[in-house]
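The values are calculated or read from the model by the stated rules, or taken from the named source; none is laboratory data. Here the structure is a predicted model, which is why all the values come from computation and not from measurement. FYI the Cβ positions are ideal-geometry reconstructions off the backbone, even for glycines, and counts take in every protein chain you see.
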């Protein structure tokens, strides 16, 4: 059963992204390679949560998420709390562009208190999980799921004086993740994900 699951996951996860984008599952697996065993990964709610839960190595006490509560905007404040609780551990928040905009004011908290939290924002210009449900249940009739007017998150990080990088191709993943992990300051990665990328396999 586990062999079948591993094979299925491998087959479905590694389809290449179009030019200018990154496969989010591949990104999470690449991030996983650079995480210390005691790192804490905090996933928000939405597609990012599914991609992270399916593709990160989960050790005891390492993975935090809001589960079925559906509290978008959970990851960054939770990650800041985890980092303050144990500054010796690497802490990474993974969120979507929708959930990030429900908590982006916490960048000020990270800077103000010098909390070296790492933030990954998966940007696909949609409330992606809701969009997927509408595609399935309502025959592709989409309503109130586009967030195309979102700001550039790297420029937002610049405004707060936070180190940052845009990852918009597979060949940028390793160097960007290494740069983030080696920083002793707050750091934001904006990851370009194709608009209609799915979590449902």
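At-a-glance table
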item	result
All positions within the range 101-134 that are part of a helix (DSSP H, G or I) and modelled with pLDDT of 95 or more	106, 107, 108, 109, 110, 111, 112
Matching residues, the range 183-201, being in contact with a strand residue (DSSP E or B) (Cβ under 8 Å, 6 or more places away or on another chain) and modelled with pLDDT of 90 or more	183, 185, 186, 187, 188, 189, 190, 191, 192, 193
Checking residue 98 against (1) more than 13 Å from the chain's Cα centre (by Cα); (2) not in a strand (DSSP E or B), the condition it does not meet	(1)
Looking only at the range 169-195, and only at residues there that are without any contact (Cβ under 8 Å) to a residue 12 or more places away in the chain and within 18 Å of residue 36 (Cα to Cα), the one that is surrounded by the fewest Cβ atoms within 10 Å (Cβ to Cβ)	182
The range 66-81, residues that are buried (at least 20 other Cβ atoms within 10 Å of the Cβ) and assigned to a helix (DSSP H, G or I)	75, 76, 78, 79, 80
Residue pairs meeting the criteria (Cβ under 6 Å; at least 6 apart or on separate chains; first surrounded by 15 or more Cβ atoms within 10 Å (Cβ to Cβ), in the range 101-124; second at pLDDT below 95 and in a strand (DSSP E or B))	122/96
Total residues in the range 43-65, condition surrounded by fewer than 20 Cβ atoms within 10 Å (Cβ to Cβ), without any contact (Cβ under 8 Å) to a residue 40 or more places away in the chain and not in a loop (DSSP other than H, G, I, E, B)	3
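Condition check ((1) on the phi > 0 side of the Ramachandran plot; (2) more than 15 Å from the chain's Cα centre (by Cα); (3) part of a loop (DSSP other than H, G, I, E, B)) across all residues:
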position: 141; (1), (2), (3): no, yes, yes
position: 158; (1), (2), (3): no, yes, no
position: 164; (1), (2), (3): no, no, no
position: 179; (1), (2), (3): no, yes, no
position: 190; (1), (2), (3): no, no, no
